[in-house]
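What follows is a single structure, written as structure tokens, with notes after it.
The values are calculated or read from the model by the stated rules, or taken from the named source; none is laboratory data. As the structure is a prediction and not an experimental result, all values here were calculated from the model. In this analysis, Cβ positions are derived from the backbone assuming ideal geometry, glycine residues included, and neighbour counts consider all displayed protein chains.
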Amino acid sequence: MNGFGVLRKVLVRAPDPAALAAWRDYGWHAEPDPALARDEHEAFRAQLEACGAEVVVGTAPVPGDPDAMYAYDPTLVTDAGVIALRPGKPGRRGEPAAFVRDLDEAGVRLLGEIREPGMAEGGDMFFLDDATLLVGLGYRTNEAGVDQLRGHLAPHGVEIIAFDLPHLNGPAECLHLMSFISPLDRDLAVAYPPMMPVRLLQLLDDRGIRLVEVPEEEFPSMGPNVLALGPRIALALEGNPETRRRLEAAGVDVRIYRGEQISRNGDGGPTCLTRPLARG
């Protein structure tokens, strides 16, 4: 399943007010306001529904984990089924089992799981096309995890291409592959090239994929983290005006959502908040 087709069905998880109390342990920037977080997430879901997507709200409990709101990371959904991942962040390791229960209720069958010593987080991977999965190797996804992913996906004709991620600020901060690139169409992505592996840039160029470049000052505010609602239709966090201008100049229809609590505070943009289940 590519990352830019029309979004038909998507899994999200509402912020858990009790779990938000553990914000310090999970590296959030400030104490969240549970009421504002709820309101922002409800408005975010409404925007997904307004674009025509069926929104599934996961409810399987993940006690004490505010990051469970970031639905993209615990699993990888493929055309052959879902793979339960094993997060590199120890506090998130209860998420995959809960998400598998939610996905099973949504009609998505289990294809496999990543087991110790493997680590893999969804934010480190996206489908370039239906047969090519790009994966970032770093502090959250390791070679053992990628080897297991290959074992699950090779029988289904999926090639995995892996790239080393930069150190940046080290293991205490979350740097995923999708921290600096999001697909927007078959031939277009939004990205921050200074952080990108050379081989990844070369691959995109070879595939004829043009980049809308995020300016340096909008990289920390998640300028490259943009959810494709369909080809050249994007949902982006408010507050990155130059990135928005460049996207619109490239022919992208940009919709904006407010995410001070659900995105900026926990460093999780619109791709992080969603696990697409079907694209058309």
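A compact table of results
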item: Matching residues, the stretch 67-83, being surrounded by 15 or more Cβ atoms within 10 Å (Cβ to Cβ) and over 16 Å from the mean Cα position of the chain (by Cα); result: ALA80, GLY81
item: Looking only at the stretch 231-270, and only at residues there that are assigned to a strand (DSSP E or B) and without any contact (Cβ under 8 Å) to a residue 60 or more places away in the chain, the one that is farthest from CYS51 (Cα to Cα); result: LEU237
item: Selected residue (criterion: farthest from MET119 (Cα to Cα)) from residues of the stretch 75-105 that are acidic (Asp, Glu) and assigned to a helix (DSSP H, G or I); result: GLU105
item: Subset of the stretch 1-19 that is small (Gly, Ala, Ser) and more than 19 Å from ASP73 (Cβ to Cβ) - its residue that is surrounded by the fewest Cβ atoms within 10 Å (Cβ to Cβ); result: ALA18
item: Test: residue in the stretch 204-213 that is in contact (Cβ under 8 Å) with a residue 60 or more places away in the chain, of a type in the set (Asp, Glu) and out of contact with any helix residue (DSSP H, G or I) (no Cβ under 7 Å at 6 or more places or on another chain); result: no
item: Filter result for the condition that a residue is within 23 Å of MET1 (Cα to Cα) and under 19 Å from the mean Cα position of the chain (by Cα), over PRO231, PRO220; result: PRO231
item: Odd one out for THR243 among (1) buried (at least 24 other Cβ atoms within 10 Å of the Cβ); (2) in contact with an Asp or Glu (Cβ under 6 Å, 6 or more places away or on another chain); (3) on the phi > 0 side of the Ramachandran plot; result: (3)
item: Any chance VAL55 is touching a residue at least 40 places away in the same chain (Cβ under 8 Å), part of a strand (DSSP E or B) and either surrounded by 22 or more Cβ atoms within 10 Å (Cβ to Cβ) or within 18 Å of the chain's Cα centre (by Cα) (or both); result: yes
item: Index of the failed condition, PRO34 passing every other in (1) under 25 Å from ALA228 (Cα atoms); (2) modelled with pLDDT of 95 or more; result: (1)
